[in-house]
């Protein structure tokens, strides 16, 4: 029981760490303010998910998911251009950059802990109603951030 309590406490700390890192990254690269949302709006439309495998003592997968419309708006803020000028390639680059910068920010804060890891190359996937299905005994940290117009869903699968 004590082991489960410690593990749960560690997961809550990781959740807060990733939420803060993603909020900070979006504020820096897009000048947008996001707040923690505690309900998830299930998307039925096309979404873009940026992912990165984190290699270390605890191997993990970091994923950030957003609707295509949300990524387009976020990307226009990041690049300082009108939404109509944003290409699919721009959106893929933007979501991958959010993953890369968020992972880098957390990596710096977790140095010399059991969660220390090495970054890998981020990649993106596009689809409709994307779902993550994980095996039993796999820990999942989930954070949802919202700007009002855009919802970012971060998952850390360990």
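Key figures
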{"read-out": "Residues of the range 104-158 classified as in contact (Cβ under 8 Å) with a residue 12 or more places away in the chain, out of contact with any strand residue (DSSP E or B) (no Cβ under 9 Å at 6 or more places or on another chain) and assigned to a loop (DSSP other than H, G, I, E, B), total", "value": "1"}
{"read-out": "Exclusive hit being farther than 11 Å from residue 152 by Cβ, surrounded by 15 or more Cβ atoms within 10 Å (Cβ to Cβ), at pLDDT below 95 and in contact with a helix residue (DSSP H, G or I) (Cβ under 9 Å, 6 or more places away or on another chain), set 119, 73", "value": "119"}
{"read-out": "Top-ranked residue in the range 72-102 [being in contact with a strand residue (DSSP E or B) (Cβ under 9 Å, 6 or more places away or on another chain) and touching a residue at least 60 places away in the same chain (Cβ under 8 Å); ranked as farthest from residue 51 (Cα to Cα)]", "value": "74"}
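The values are calculated or read from the model by the stated rules, or taken from the named source; none is laboratory data. These figures come from a predicted structure and were not determined experimentally. Methodologically, a virtual Cβ is constructed for each residue, glycine included, from the backbone with ideal geometry; neighbour enumeration extends over all protein chains shown.
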